[in-house]
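What follows is a set of notes on a single structure, which appears directly below.
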Amino acid sequence: MPRSRLMETPDMLESFHHVALIVSDYERSKRFYTEVLGLAVIAETHRAARHSWKLDLQIPGGGQLELFSFPEPPARPNQPEACGLRHLAFQVADMDAAIARLTCLDVAVEPVRIDPLTAARFTFFKDPDGLPIELYELAQS
């Protein structure tokens with residue numbers, strides 16, 4: 001296809017589909033993402049030839065989170081931050097209620113901050129492998 005024709009069709013992407021995470025302890029991460037964060041299971045697949053599990057989780061509002069297990073994956077580099085995926089961010093309607101749920105389930109949550117560009121409230125906590133997860137509450141108008 002000529003380059004000029006490619007430039008005429010900028011809507012190549014239709015929507016966000018998924019984020020894939022490799023986890024060190026499949027059962028621990030499955031519990032965290034389903035029971036703590038409340039994501040619904042779409043499908044769970046054991047891949048015996050790869051000694052691996054794959055868990056597809058539904059993200060409210062669209063898209064999926066895929067958890068993969070592999071034997072002895074290397075640890076995630078946290079400090080200094082490495083190139084690649086930095087964190088997951090989920091929008092919440094009520095930051096205080098979300099934080100109360102997490103702390104009730106013994107998840108350590110950072111203090112709430114205000115985004116200086118949007119005036120939205122946000123905070124971070126970590127998944128069982130140390131991946132930062134952000135909660136983002138749109139600013140009230």
Residues located in segment 87-119, provided they are touching a Ser or Thr at 6+ places or on another chain (Cβ under 8 Å), among the charged types (D, E, K, R) and open to solvent by less than 100 Å² (accessible area, probe 1.4 Å): Glu110
Test for Val109: is it without any contact (Cβ under 8 Å) to a residue 60 or more places away in the chain, touching a Phe, Trp or Tyr at 6+ places or on another chain (Cβ under 7 Å) and on the phi < 0 side of the Ramachandran plot: yes
Taking the options Leu117, Leu85, Leu135, name whichever one is touching a residue at least 60 places away in the same chain (Cβ under 8 Å) and either on the phi < 0 side of the Ramachandran plot or out of contact with any Asp or Glu (no Cβ under 6 Å at 6 or more places or on another chain) (or both). Leu85
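The values are calculated or read from the model by the stated rules, or taken from the named source; none is laboratory data. Small disclaimer: the values here were computed from a predicted structure and weren't measured. FYI the Cβ positions are ideal-geometry reconstructions off the backbone, even for glycines, and counts take in every protein chain you see. Side chains are part of the model used for accessible areas, which takes the heavy atoms of the whole protein and leaves out ligands, DNA and RNA. Shrake-Rupley method; radii C 1.70, N 1.55, O 1.52, S 1.80 Å.
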